[in-house]
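The values are calculated or read from the model by the stated rules, or taken from the named source; none is laboratory data. The structure displayed is predicted, hence computed values, not measured ones. With ideal geometry, Cβ positions are generated from the backbone for all residues, glycine too; neighbour counts draw on all protein chains shown. Surface accessibility is based on the protein's heavy atoms, side chains included, excluding ligands, DNA and RNA. Shrake-Rupley method; radii C 1.70, N 1.55, O 1.52, S 1.80 Å.
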Amino acid sequence: METLSQIGRNLREARRKAYPKDSLEDFALRIGVGRATLQRMEKGDLSVSLGKYFQAAKLLGLEAPFHELLKPRQSLFDD
């Protein structure tokens, strides 16, 4: 689950950079979750829905990579 932990760390870093004066409560309100949920997100908790992570990414202007999630790789043999 190292990938999820890294996503959580990335979220924390992006939040602090984009909204340096926000408390956890302030940013949580911006994305429509509670403080405890945001804390779980920043730990990469799998129990938090992908939609909540998307809300945070959208607010931070980082939603573009979501379009690539689970996208099958193209093969040289694909039409």
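From the residues in segment 30-49 that are in a loop (DSSP other than H, G, I, E, B) and touching a residue at least 24 places away in the same chain (Cβ under 8 Å), which one is most open to solvent (accessible area, probe 1.4 Å)? Going through the qualifying residues, I end up with LYS43. Considered as a group, the residues in segment 50-79 that are in a loop (DSSP other than H, G, I, E, B), of a type outside the set (A, V, I, L, M, F, W, C) and exposed (fewer than 10 other Cβ atoms within 10 Å of the Cβ) include one that is modelled with the highest pLDDT, and that residue is GLY61.
Of the residues making up segment 9-29, those that are in contact with a helix residue (DSSP H, G or I) (Cβ under 8 Å, 6 or more places away or on another chain), surrounded by 14 or more Cβ atoms within 10 Å (Cβ to Cβ) and either free of Cβ contacts under 8 Å to residues at least 40 places away in the same chain or in a loop (DSSP other than H, G, I, E, B) (or both) are TYR19, ASP22, LEU24, PHE27, ALA28.
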